[in-house]
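*Asks:* The structure that follows is given in the form of structure tokens.
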Amino acid sequence: MRFAISAVALLLTTTACTTVPMEGNIDSARTTPMVAPVLTTPDALDTSTYAQPQVARVTHVDLDLALDFAAKSVGGTATLSVLAAPGAKELVLDDKGLTIASVTDGQGKALPFTVGKSDGEKGAPLTIQIGPGGENRTVRIAYSASDADALQWLSPEQTAGGKYPYLFSQGQAILNRTWIPTQDSPGIRQTWRARVTAPKPLTVVMSGLKVGETEDLGNRRAFTYEMDKPVAPYLIAVAAGDIAFRPLGPRTGVWTEPKVLDAAASELADTEAMVSAAEKLYGPYRWGRYDMIVLPPSFPYGGMENPTLTFLTPTFIAGDRSLTGLIAHELAHSWSGNLVTNAVWGDGWLNEGVTSYFENRIVEEIYGKKRAQQEASLDYTAIIETLDRVGSDAPGTALHQPDGTDSAGSAIVYNKGAAFMRTLEHAVGRERFDAWLRQWFDKHAFQPATSQMIYDDMLAHLVTSKAEADKLKLHEWIFDPGLPSNVLRPDSAAFATVDASAKAYADAGTIPGRSTWDGWTSAERQRFLQSLPQKRSADQLGALDKALGLSASGNNEELFLWLDLALANRFDPAVEQADRFLSHVGRTKFVRPLFATLMEQGEWGQPIAKRIYAKTRAGYHSVTQASVDKVVLKD
Ligand code: BES
Ligand code: ZN
């Protein structure tokens, strides 16, 4: 297909954000939406979308939706602003399970549409005949979404308050097509606005800034939010419940259920300082506010970097801010991920790896070098474990994962990605490295990126010669499996104390004293638990628990490691606690491994896993269900 140059240029390049006065009202200036480029190189081709952005692409989404808690359904209209190439006849959207009532143009004239064959996870193409017309089109879809995979509708019993239902969404990676009819690809950025109604007294929050006052509609209220910067559509997020807000600093604050507010606010007290630290490292925070919502425990992730409103699990609340690396991580995504975004999911390390590095730099600023080094060291161990398990030549251990590669998992995307950044920082020096990373964010702000692009950028702006690039093994780091030999290994001094204790336990059964244990950082306690001999008798486990209070730990990362160790050793006294934990926590990172461990324990563990899952499955988000199904319901 061929298009006139000007239209292609319009479709594929950035239009600067300009301000034009609204007709007849010189006071209220209206901003024409920013339009971000779509990349056209083969490595930026997203095979998990049906969209054909070169033909017609969505630039803005305007939602008007009502939440129906009884029906677990959201419905209303999505009005899309579309940029069409000359001669374009069709607009293709992603649709997974939507019920489409009608599709019309800007004038209300019906547009013919078809929903194609559904292909598993990817859903189906929604193809709309947009007919002849100019570059700028409007398409309005009236629709509803019932039991959408992105959305979890919680019963009152699943909340802390126990009185009102709750809703939250999880868009990453390709779930937003289950509740928003749009082009659901990280490389097709869109601005958005949404008006959402909910029954009183529920409050609706979204990953954008609030517009105007809440509307009172009798027994319902309407909330309007806006994102005026083009974002990847997986970042559109909503939550609704009986929630309250507490400011933490001038531009930071936390939403959560009233019962959880004190604990959440206290745990998150360092947030404003983290935003300032992040800005000092890599440039201005460009999203206005940085708020967070602490969700009910069924939230399937630790955190999700929804712009202006990070979504969080309550399981990070330990009482001592020892697990707030999570906040540093989600905040860092405001640069790596939300500002500069992987164009395709196979380059997820551009989001997660760079963010994990950035996270560690924020942790260093706020909590000091020791904690940062310890956390980096835990991350490094996870890389080695993964490589030992899958082999250093497994294709899934490369950072750049071409379509069809079976990823070796988060230790590669997150930890190897971070180790790459750390290695570069060490080799060229912090000053040079930081200047490079900052210019990468600035230059690609609000745009998609690929592995090839960051490689080219390193050649142009990080190193001074091809020889230096070769010495740093830049290409190998990004495109080859395994861990390059120049990797910066963690300083063994970081864990010298705890490693000595772990050795004393392994050699002579000496358990650290309780005051020693309590004096350690959480990273040190996790390190100790991970270093324990894998085979333990019931007596040994009982003694460890008695001495260290493991089963009573208020730190969920540590509690998880204890439960996992106990279940792996068929320790009956841990079963009841595991049952209780799995009955309210839905965080995949904890839930899946615990079920997997039980399933590995033959005639002892499998009946326990099946019994627990039969009652807990319905309370999990679809993400957690899908991941545990593979473990427990595999035959
Ligand atoms: N963006 C991710 C969560 C995610 C990843 C959702 C992939 C869907 C698909 C988020 O930023 C994240 O990495 N969360 C981690 C935090 C941890 C690494 C500090 C988590 O949930 O555990
Ligand atoms: Zn992340």
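The values are calculated or read from the model by the stated rules, or taken from the named source; none is laboratory data. In this text the structure is predicted, and so the values were computed from the model without any measurement. For neighbour counting, all protein chains shown are included, and Cβ atoms are generated from backbone atoms with ideal geometry for every residue, glycine included. Accessible surface is based on the protein model in full, side chains and every heavy atom, while ligands, DNA and RNA are left aside. Shrake-Rupley method; radii C 1.70, N 1.55, O 1.52, S 1.80 Å.
*Asks:* Angle, helix 538-548 long axis vs. longest principal axis of the chain, Cα atoms, 0 to 90°, nearest 10?
*Replies:* Tilt relative to the chain: about 80 degrees.
*Asks:* Determine the calculated [θ] at 222 nm for the chain from helices alone, applying -39500 (n - 2.57) to every DSSP H run no shorter than 4 residues and normalising by the residue count; nearest 500 deg cm²/dmol.
*Replies:* -11000 deg cm²/dmol
*Asks:* Compare S501, S583 by solvent-accessible area with a 1.4 Å probe and give them largest first, with all protein chains kept in place.
*Replies:* These residues rank, largest area first, as S583, S501.
*Asks:* Identify, among S207, V294, A232, the residue whose Cα sits farthest towards the positive end of the charge dipole of the stretch 174-313, taking +1 on the Cβ of Lys and Arg and -1 on the Cβ of Asp and Glu, with the dipole about the Cα centre.
*Replies:* A232
*Asks:* Nothing charged except the Cβ atoms of Lys and Arg (+1) and of Asp and Glu (-1): what's the magnitude of the dipole of the stretch 269-358 about its Cα centre? Round to the nearest 20 debye.
*Replies:* Around 100 debye, computed over the stretch 269-358.
*Asks:* Right, another one. With the calculation restricted to Cα positions, what are the radius of gyration and Dmax of the stretch 122-174 in angstrom?
*Replies:* 17.8, 54
*Asks:* With charges only on Cβ, +1 for K and R and -1 for D and E, what is the dipole size of the stretch 233-282 about its Cα centre, in debye, rounded to 20?
*Replies:* The calculated dipole for the stretch 233-282 is roughly 140 debye.
*Asks:* Could you tell me which residue out of N176, I383, M421 lies farthest along the dipole of the chain toward its positive end? Charges go on the beta carbon: Lys and Arg +1, Asp and Glu -1, centred on the Cα centre.
*Replies:* N176
*Asks:* I'd like the trypsin sites (Lys or Arg not before Pro) in the stretch 531-570 restricted to DSSP loop residues with at most 15 other Cβ atoms within 10 Å, sorted by number.
*Replies:* Here the trypsin sites (Lys or Arg not before Pro) that fit, given the DSSP loop and packing criteria, are K535.
*Asks:* Let me ask something else about it. Averaged over every viewing direction, what's the projected area of the C-alpha convex hull for the stretch 381-427? Give it in nm², one decimal, please.
*Replies:* If you wrap the Cα atoms of the stretch 381-427 in a convex hull and average its projections, you get 3.3 nm².
*Asks:* From the phi of every residue in the stretch 136-141, what ³J(HN,Hα) in whole Hz does the Karplus formula 6.51 cos²θ - 1.76 cosθ + 1.60 yield, where θ is phi - 60° and glycine or proline is x?
*Replies:* Working through the residues one at a time gives 9, 10, 10, 10, 10, 10 Hz.
*Asks:* Determine Rg/Rh for the chain; Rg is computed over alpha-carbon atoms and Rh is the Kirkwood hydrodynamic estimate from the same atoms.
*Replies:* We get a ratio of 0.97 for the chain.
*Asks:* Here's a follow-up. Considering the dipole of the chain built from charges on the beta carbon (Lys and Arg +1, Asp and Glu -1) around the Cα centre, which of F581, V275, T256 is farthest to its positive end?
*Replies:* Of the options given, the answer is T256.
*Asks:* A further question follows. If Rh is defined by the Kirkwood formula over all Cα pairs and Rg also comes from Cα, what ratio Rg/Rh do you get for the stretch 304-367?
*Replies:* Rg/Rh: 1.00.
*Asks:* What are the ³J(HN,Hα) couplings of the stretch 286-302, residue after residue, when phi is run through the Karplus curve with 6.51, -1.76, 1.60 and θ = phi - 60°? Round to Hz, x for glycine and proline.
*Replies:* 9, 10, x, 9, 10, 9, 9, 10, 8, 8, x, x, 7, 3, x, 10, x
*Asks:* Using only Cα atoms and rounding to the nearest 10 degrees, what angle (0 to 90) does helix 349-367 make with the longest principal axis of the chain?
*Replies:* Tilt of helix 349-367: around 60 degrees.
*Asks:* Put a dot 7 Å past each Cα toward the Cβ at D579 and E279; how far apart are the dots in nm?
*Replies:* Taking the simple label geometry, E279 and D579 are separated by 5.2 nm.
*Asks:* With every protein chain left in place, what is the accessible area of R193 in Å² (1.4 Å probe, nearest 10)?
*Replies:* Approximately 80 Å² of R193 is accessible to the 1.4 Å probe.
*Asks:* When we measure straight from the Cα of K259, which lysines land under 21 angstrom away, once same-chain ones fewer than 8 places off are left out?
*Replies:* K163, K200
*Asks:* Mind checking the per residue accessible area of the stretch 191-238 for me, 1.4 Å probe, whole number of Å²?
*Replies:* Accessible area per residue, the stretch 191-238: 35 Å².
*Asks:* Same structure, new question: Given the C-alpha centroids of the stretch 54-112 and the stretch 605-635, what is the distance between them in whole angstrom?
*Replies:* Cα centres, the stretch 54-112 to the stretch 605-635: 35 Å.
*Asks:* For the stretch 439-494, what is the per residue volume of the convex hull drawn over the alpha-carbon atoms, in cubic angstrom?
*Replies:* 130 Å³
*Asks:* Rounded, prolate or oblate: which fits the stretch 45-141 when a ≥ b ≥ c are the square roots of the eigenvalues of the alpha-carbon gyration tensor, with rounded for a/c under 1.5 and prolate only if a/b beats b/c?
*Replies:* It is oblate, given that a/c is not under 1.5 and a/b is not larger than b/c.
*Asks:* Using alpha carbons only, how many angstrom separate the centre of the stretch 423-482 from the centre of the stretch 337-369?
*Replies:* That distance is 14 Å.
*Asks:* What ranking of H400, H461 comes out by heavy-atom accessible area, probe 1.4 Å, highest first?
*Replies:* H461, H400
*Asks:* Using unit Cβ charges (K, R positive; D, E negative) and no other charged atoms, how large, in debye to the nearest 20, is the dipole of the stretch 396-534 about its Cα centre?
*Replies:* 300 debye
*Asks:* If I fit a long axis through the Cα atoms of helix 271-282 and take the longest principal axis of the Cα atoms of the chain, what angle between them do I get, 0 to 90°, rounded to 10?
*Replies:* Taking the Cα atoms of the chain, the angle to 271-282 is about 70 degrees.
*Asks:* So how much accessible area does R617 have, in Å² to the nearest 10, using a 1.4 Å probe?
*Replies:* Around 80 Å² of this residue is reachable by solvent.
*Asks:* Round to the nearest 10 and report in Å² the accessible area of Y414, as given by a 1.4 Å probe over the protein chains' heavy atoms.
*Replies:* The value for Y414 is about 80 Å².
*Asks:* For the stretch 515-633, state the average projected area of the convex hull of the C-alpha atoms over all orientations, rounded to one decimal in nm².
*Replies:* With every direction weighted equally, the projected area is 7.1 nm².
*Asks:* Hey, which of these cross-link pairs are over 32 Å Cα-Cα: K122/K473; K117/K443; K72/K210?
*Replies:* Among K122/K473; K117/K443; K72/K210, the Cα-Cα distance tops 32 Å for K122/K473; K117/K443.
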